[in-house]
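The values are calculated or read from the model by the stated rules, or taken from the named source; none is laboratory data. Keep in mind that this is a model prediction, so the values were computed, not measured. Positions of Cβ are generated from backbone atoms using ideal geometry, with glycine treated the same way; all protein chains shown enter the neighbour counts. Ligands, DNA and RNA are stripped out before the accessible areas are found, and what is left, the full protein with its side chains, is counted by its heavy atoms. Shrake-Rupley method; radii C 1.70, N 1.55, O 1.52, S 1.80 Å.
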Amino acid sequence: MSKRCEKDDTERMTERKEILQKLCKGLWNYRSIALIVLTPLLLLPLLVVVGTKEAECAFVLLLMATYWVTEVIPLSMTAMLPAILFPMFGIMKSSGVAKEYFKDFHFLLVGVICLATSIEKWGLHRRIALRLVTMVGVNPAWLMLGFMSGCAFLSMWVQNTSAVMMVMPIVEAVLQQILKAEEGGSAGEDNPNLQLDEIDGRIEDMKETVSDRKRPDSPEESFTCVQIQTVSEPPAAQAAVSPPAAPSRSKRDLMMCKAMCIGIAYSSNIGGITTLPGTSPNLIFSEYLNQIYPQCNCINFGNWLLLCLPISVIMLLLTWMWLYWLFIGSDFRFLWRCEGEQSEREKAARKVIEDEYKSLGPMSSQETFTAVVFLVMVLLWLTRSPGFMPGWASLFPHHLGFITDATVALLLGLLFFIVPAYGPSRKYEAMISWREFQASMPWKVALLVGGGFALAEGTKESGLSLWVAQLLTPLGDLPVLATITVACIIVTTVTEVASNVATITIFLPILSPLAEAIHMNPLYVLIPTTLCTSFSFLLPVSNPPNAIVFAYGHISIMDMVKAGLGVNVIGVLAVLFAVATWGVPLFSLDTYPDWAPVLPGFNSTTP
């Protein structure tokens, strides 16, 4: 009898445990719903207790920031909240909010995506990347620098995700050939202190992890997620599109794969900061200035390139050396050593690169036209209003300020839908079709950025920006460089867990009132923090380029964390150094501009 009672008790306990486990699992599965409901409830005192327009706008700002960081609902749908809440709170009319969702930024984006679609469709990216790699040689260190340079150059003109998707199949084909080659000479000694142990069977786990964790709604991932292949590729490159399982080789081989892959992901972000259309945060910053400070005409393609190109070069070289030291070795004698007999791995790498380049054949007329449009677009951007001399925009003296970089991009982008891809002997077909453009156009980004502009306008209309400026006035007692450093560190930390676009959208309306409060040129804090928004190097889920490279199975999360910490430090220091030196005379950062408002009773600070 007692045994039967014990058995019944055991069964009841087991049933209770199973019910509890199912309940916990159900609650965990609905954690997003809980966060969606609890967040506005926790913020409700702003509406009930305070009840001012500033508090109502703060409610919308904090709600959107929470949803953007946690991504409990799609980022682009969170961006729609101002269109719902601002009219309900009487902050802005619905028609006024709607105007904020389509700006000059979107026209520039459309033109750039037309160019990127043509570059990818006709294979110009492969020619550029392979040519840059052949220029530096096939020594593992120089090969890594060549691929990083190629990816960084491409990401200056197309979005970071597109650049990685263009370059990574070529890199994978080269790596597979190197791993199959016989072990040869080395360019440096192993670094046992920082090398990581390999775990068998880790590759499949990596693929499952990244498929579960990387964020499909992250804005930059929308760029050219569908690859359009019309140019025949060699078998090695075709096989590389699907991430293969890496063969079991020596620790040094695996370390070289790690360094190469992480270098590709990082170089896309480093190259993206160089130009205004290179990455979304740069474009959002530029449009935010036009919206909040309409008299500010000091940011254009040319002076941004003058500021950021040296930053990118410094970061790229230091990141290359850091990754080489971390994964491959500490012997840097290859920098000045004459090239001697090539090892088997170097011969294999050279052969696959040469075969890939030969398979492209002579440059087609479609590639030539795309390259010409690309060069003309860059030239027109640089010469529209260079600042130190009259640009071609001065040819329209009665329409000063009417023509922008978006006008140029849209005009040249339109040509791709008009110019025939083939001669009269074939049926008329434009260089790109609407379907191909639509597959590359990041509509999610368009909505997300529009929501950010609406939020920024709402903070201005409600008076929240002025309230924040008065609240932050005591920070004027700190040295300006210290204030900028703190802002950069905060932004760099947040962008690791939130998308780059969401991060810059959240912080711009906060940092510009801070600059006004301490009577500092707003560009002094907005430019470095905008650049630091792109420094999401730590995790595969930090941005889509990291996730794409991680999916190839050569690296672990700890590899990326160790490498990313060093690159974050390099990036923040390089940005602070640039802004505090040549950035000051370039943008007159040491003076408070006349286009920024002067707040009553400000705390004067001289940079």
- [ ] Mind listing whichever residues of the stretch 519-539 are over 18 Å from ILE299 (Cα atoms) and surrounded by fewer than 24 Cβ atoms within 10 Å (Cβ to Cβ)?
- [x] HIS519, LEU538, LEU539
TODO: Could you please find all residues in the stretch 484-508 being modelled with pLDDT under 85 and in a helix (DSSP H, G or I)?
DONE: VAL494, ASN500, VAL501, ALA502, THR503, THR505, ILE506
- [ ] Tally the residues that are of a type in the set (A, V, I, L, M), open to solvent by 100 Å² or more (accessible area, probe 1.4 Å) and either more than 25 Å from VAL110 (Cα to Cα) or modelled with pLDDT of 75 or more (or both), restricting the search to the stretch 390-408.
- [x] 1
Task: Qualifying residue in the stretch 533-544 (condition: in a loop (DSSP other than H, G, I, E, B), free of Cβ contacts under 8 Å to residues at least 12 places away in the same chain and out of contact with any His (no Cβ under 9 Å at 6 or more places or on another chain)) - done: no
TODO: Might you check whether a residue that is of a type outside the set (Gly, Ala, Ser), crowded, with 24+ Cβ neighbours inside 10 Å and within 19 Å of VAL313 (Cβ to Cβ) occurs anywhere in the stretch 106-120?
DONE: no
TODO: Sort out which residues of the stretch 422-451 are open to solvent by less than 80 Å² (accessible area, probe 1.4 Å), over 18 Å from CYS114 (Cβ atoms), of a type outside the set (Gly, Ala, Ser) and assigned to a loop (DSSP other than H, G, I, E, B), and write them in order of number.
DONE: TYR422
- [ ] Give the stretch 91-133 a look and list any residue that's under 13 Å from VAL167 (Cα atoms) and either of a type in the set (A, V, I, L, M) or free of Cβ contacts under 8 Å to residues at least 12 places away in the same chain (or both), or say none.
- [x] ILE119, LEU124, ILE128, ALA129, LEU130, LEU132, VAL133
Task: Test result for LEU481, within 26 Å of ASN297 (Cα to Cα), touching a residue at least 60 places away in the same chain (Cβ under 8 Å), assigned to a helix (DSSP H, G or I) and open to solvent by less than 10 Å² (accessible area, probe 1.4 Å) - done: no
Task: Residue among LEU46, LEU115 that alone is closer than 30 Å to ILE353 by Cα, aliphatic (A, V, I, L, M) and at pLDDT 85 or above - done: LEU115
Open item on the list: Of all residues being farther than 22 Å from PHE59 by Cα and open to solvent by 40 Å² or more (accessible area, probe 1.4 Å) in the stretch 462-478, which is modelled with the highest pLDDT? Just the residue, please.
Closed with: LEU478
Open item on the list: Given the criteria assigned to a helix (DSSP H, G or I), open to solvent by less than 70 Å² (accessible area, probe 1.4 Å), of a type in the set (Val, Ile, Thr) and over 30 Å from ASN303 (Cβ atoms), does THR368 qualify?
Closed with: yes
Open item on the list: For the structure I just gave you, tell me whether PRO362 is assigned to a loop (DSSP other than H, G, I, E, B) and either polar (S, T, N, Q) or modelled with pLDDT of 75 or more (or both).
Closed with: yes
TODO: Just need a number here: residues in the stretch 555-573 that are touching a Pro at 6+ places or on another chain (Cβ under 9 Å) and either open to solvent by 10 Å² or more (accessible area, probe 1.4 Å) or outside any helix (DSSP H, G or I) (or both).
DONE: 3
Open item on the list: Every residue in the stretch 121-137 that is open to solvent by 10 Å² or more (accessible area, probe 1.4 Å) and at pLDDT below 75, please.
Closed with: LEU132, THR134, MET135, VAL136, GLY137
Open item on the list: If I filter the stretch 155-174 down to residues being of a type in the set (A, V, I, L, M) and open to solvent by 10 Å² or more (accessible area, probe 1.4 Å), which single residue comes out as farthest from the chain's Cα centre (by Cα)?
Closed with: MET165
- [ ] Could you tell me whether any residue of the stretch 311-328 is modelled with pLDDT under 85 and part of a loop (DSSP other than H, G, I, E, B)?
- [x] no
Open item on the list: Residues to consider are GLU339, GLU346; find the one that is surrounded by fewer than 22 Cβ atoms within 10 Å (Cβ to Cβ), at pLDDT below 85 and not aromatic (Phe, Trp, Tyr).
Closed with: GLU339
